[in-house]
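Throughout, read-outs are computed from the coordinates displayed, never taken from laboratory work. Owing to the predicted nature of the structure, the values given are computational and were not obtained by experimental measurement. Because the Cβ atoms are built from the backbone with ideal geometry, glycine has one as well, and the counts that use them run over all protein chains shown.
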Amino acid sequence: MSTQRRRGWLLLVPGMLWLALFFLFPTVQLFFTSLYDPDGSFIAGYEMGWEFGNYVSAIADTWNLFARSFLYAGIATVLCLALGYPLAYAIAFKSGRWKNVMLVLVIAPFFTSFLLRTLSWAAILSDRGPVTGFFQTLGLLPDDGRLLATPLAVIAGLTYNFLPFMTLPLYASLEKVDFRLIEAAGDLYSSPFTGFRKVTFPLSVPGVVAGTLLTFIPASGDYINAELLGTPQQYMIGNRIQAAFLTEQNYPLAASLSVILMAIVLVMVIGYVRRAGTEELV
Amino acid sequence: MSPADRDLRLDGLTKRFGEFVAVDDLTITVPQGSFFALLGPSGCGKTTTLRMVAGLEEPTGGQVFIGDDEITALRPYKRPVNTVFQSYALFPHLTIADNVGFGPRRRGVKDHPAKTRAMLELVQLEHYADRKPGQLSGGQQQRVALARALINEPGVLLLDEPLGALDLKLRRQMQIELKRIQTEIDVTFVHVTHDQEEAMTMADTIAVMNHGLIEQMGPPAVLYENPETTFVANFLGQSNLILTDVISSSAAAVVVDCHGQKLEIDPSRCHTDTGRGWLGVRPEKISLRPTGEQIRDGANRLTGGRVSDVSFVGVSTQYLVAMPWGQELMVFEQNTGQQAQLRNGQEVDLIWSPEHAFLLDASQDAKAGVTTPEDEA
């Protein structure tokens, strides 16, 4: 092995060790935990029973939570794309000297904690809050109608919290689009909209793929938004896993739910990336 | 439709960026089917002019016509004009065939696959139809850009430094190729370039631009042989410019005093009516003779030169000749073998015909338009 190559491997070592210790080992551990005998307990300890039946009962009890999670996460992802694309487009092409300021504003929410921001959404959407009042005045919401504790609140919270994860990759790929290509499309009889459809958008697909993945994956495992902005009627799979781990301390159940979530997300992501065909794009 | 129906006409075209006037009240007519070059250094307004014709830049004032149709305010995609962009702007996500077929598809041309194939054949890229632009060489990409524009049969084809990204050898090849295609399809080409040789090789008419204005417009030979400004004299090729006083002027000849020696100039080549002028003569128009040697009648003779530098470059020998008033003049002698090479320090007379000199207004900067090697890069 040449010195050059050996140096390359050496650079990988710290990251690999870190991942082995804090990702690979816990994942394997999680997988084994999911197969423990469910008759054990946190206090008494668990025995390895290779109980694949854990998965069957986990699915049977919680399939509706899975469905709801993917539905909410899916809607939030679509909303993030609808909000984030024009935003990223404006920052990339129209913001001029305000570009850096606007990028900082996109990241600014990260200066406060996720939990705190979601709590303030609870205040904003509360029954006596200004937003509810506004919609009631407009007649869009009945006088006893609520925003908080509805699916709408949970989806809105998810959308808000993950918007930067959508906007930034979109911005990164839009910013790379050469404006002369857009001019060339116009020169070749494309209206601005057709030029966008045929040139700008296809060239930004890598950003769309990255943004949707970075939004959908964490959103489908999220439980804070459902916890703080919803009720048990809006709970997502994350809430169930959290309860199983921390409240019921039913480790085999929690672990098998986690493994199922991971597996489903992985399959969906592979299918999605294959269809979007990112490797085809320059 | 008579030929004049599709002339490109710019009328008082002006573009200001804040205080800066990029294009200043430009009025020109480009006849249909001609190869027209806008030549000038970077920042002279040539690209801005082109972009206004393409509709990519909005004029501050003036109008653009094709034939009798005014297109000044039309959106780019509604103009019968196509552009070959600087560095090509090919769509990286589309195949070569899809790049070339892009325009016809947008316009809903029925047999666009057949047209695309024919166009790829014209530029000799039929075997590359399914590749992506990134897989092609610079010269091939250039041809794709040309095909993508020409397939639309534009009234006017705009070329923005189309050969700028190619190396010298390929550039020469493409110059000939471009000229061939232009003659074959009889489309008006408006070609923007800073390369005077490129403009002279290809264009029927050259407009030399400087500071947003046209310095001079005409066929390449006229611009070269009879420049009207010091900028044109220096930007197209090289010129010796000597400050002289006009002694007399008649229909037959203009006589000037050049540091005590009388020289004649053809009146049609005098572009000043003040008492002083820059006498210009191209280095290859001068021949050197040892001092005192007999010369033919009617030729101008400038005596008192001393060879200060000799460089043999093969086809010619380039001399620098120091004159008594301190100026060094350039002389290129063809290596025809008729004449012995002169030595450094030899005393010489400079001989040229009156119809090879020109006289320019003395108020101009003698160094205007001089290109340095860095500019060429």
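Over all residues in B:82-93, what is the mean tally of Cβ atoms on other chains that come within 10 Å of each residue's Cβ?
Numbers: counts 4, 6, 2, 6, 1, 2, 3, 10, 2, 10, 8, 9.
Counting Cβ atoms of other protein chains within 10 Å of each residue's Cβ and averaging gives 5.
Pairs of Cα atoms nearer than 8 Å and 6+ residues apart set the relative contact order; for region B:235-377 it is 30 percent. Helix B:168-185 and the longest principal axis of the Cα set of chain B meet at an angle near 60°.
Among rounded, prolate and oblate, which fits the protein assembly as shown when a ≥ b ≥ c are the square roots of the eigenvalues of its C-alpha gyration tensor, a/c under 1.5 means rounded, and a/b larger than b/c means prolate? It is prolate, given that a/c is not under 1.5 and a/b is the larger ratio. Taking each residue as 0.36 nm, the span from A:Phe201 to A:Leu246 lengthens on full extension beyond its C-alpha to C-alpha distance by 11.8 nm.
Quick one: net charge around A:Gly133, please, counting Lys, Arg +1 and Asp, Glu -1 for every other residue with C-beta under 14 Å from its C-beta.
-1
When each of the peptides B:338-348, B:15-25 is scored by the mean number of other C-beta atoms lying within 10 Å of its residues, the order from highest to lowest reads B:15-25, B:338-348. With helices as the sole contributors, the protein assembly as shown gives -13000 deg cm²/dmol at 222 nm; each DSSP H run of n ≥ 4 counts as -39500 (n - 2.57), and the sum is divided by every residue. Post the alpha-carbon centroid distance, region A:166-243 to region B:156-185, in whole angstrom. Here the answer is 42 Å between Cα centres.
List the trypsin sites (Lys or Arg not before Pro) in region A:63-165 that DSSP assigns to loop (not H, G, I, E or B) and whose Cβ has at most 11 other Cβ atoms within 10 Å. Which are they? Loop-located and lightly packed - A:Arg128.
Each principal axis of region B:140-226 carries a Cα extent, and these read 37, 30, 24 Å when sorted largest first.
Here the 3J(HN,Hα) profile of region B:6-16, calculated from phi with Karplus coefficients 6.51, -1.76 and 1.60 at θ = phi - 60°, is 10, 4, 8, 10, 10, 10, x, 5, 9, 9, 10 Hz, Gly and Pro shown as x. Applying the criteria of a DSSP loop state and at most 16 other Cβ atoms within 10 Å to the trypsin sites (Lys or Arg not before Pro) of region B:101-169 yields B:Arg107, B:Lys110, B:Arg131. Shielding by partners for peptide B:98-110, expressed as the average number of C-beta atoms from other protein chains within 10 Å of each residue's C-beta, is 3.
Calculated translational diffusion coefficient of region B:37-88 (25 °C, 0.890 mPa s; Stokes-Einstein with Kirkwood radius over alpha-carbon pairs) equals 206 µm²/s. Under the combined filter of DSSP loop state and at most 11 neighbouring Cβ atoms within 10 Å, region B:286-337 retains these trypsin sites (Lys or Arg not before Pro): B:Arg296. Here each label is just a point 7 Å from Cα along the line to Cβ, and for B:Glu347 and B:Ile176 those points are 4.9 nm apart. Peptide packing for B:186-196, B:58-68 was compared via the average number of neighbouring C-beta atoms within 10 Å per residue; ordered from the highest value, the list is B:186-196, B:58-68. Rounded to the nearest whole Hz, the Karplus-based 3J(HN,Hα) values (6.51 cos²θ - 1.76 cosθ + 1.60, θ = phi - 60°) of region A:126-133 follow the sequence 4, 4, 9, x, x, 5, 4, x, with x at glycine and proline.
Each residue of region B:296-303 is assigned a 3J(HN,Hα), and the resulting list reads 6, 5, x, 7, 7, 10, 10, 9 Hz, derived from the Karplus form 6.51 cos²θ - 1.76 cosθ + 1.60 (θ = phi - 60°), x at Gly and Pro.
Put simply, when A:53-59, B:89-95 are sorted by average Cβ atoms within 10 angstrom per residue, most first, you get B:89-95, A:53-59. For region A:1-78 versus region B:331-361, the spacing of their alpha-carbon centroids is 88 Å. The equivalent ellipsoid that matches the C-alpha gyration tensor of region B:3-225 spans semi-axes of 28, 20, 16 angstrom, in descending order. Largest GNM mean-square fluctuation across B:Ala252, B:Ala199, B:Ala118, computed for chain B with C-alpha springs under 10 Å, falls on B:Ala252. Expressed as a fraction of 2.2 N^0.38 Å, the value expected for a compact globular protein of N residues, the C-alpha radius of gyration of chain B is 1.16.
The mean number of partner chain beta-carbon atoms within 10 angstrom of a residue's beta-carbon across peptide A:195-207 is 2. Beyond 19 Å, what share of the Cα-Cα pairs of region B:238-377 is found? Please give it as a whole percent. Summing the P(r) tail past 19 Å for region B:238-377 gives 52 percent. Near B:Ala357, the amide H atoms lying under 5 Å from its own belong to B:Asp266; only residues 5 or more places off or on other chains count, and H is placed 1.01 Å from N. Normalised by residue number, the volume inside the convex hull of the Cα atoms of region A:63-280 is 156 Å³ per residue.
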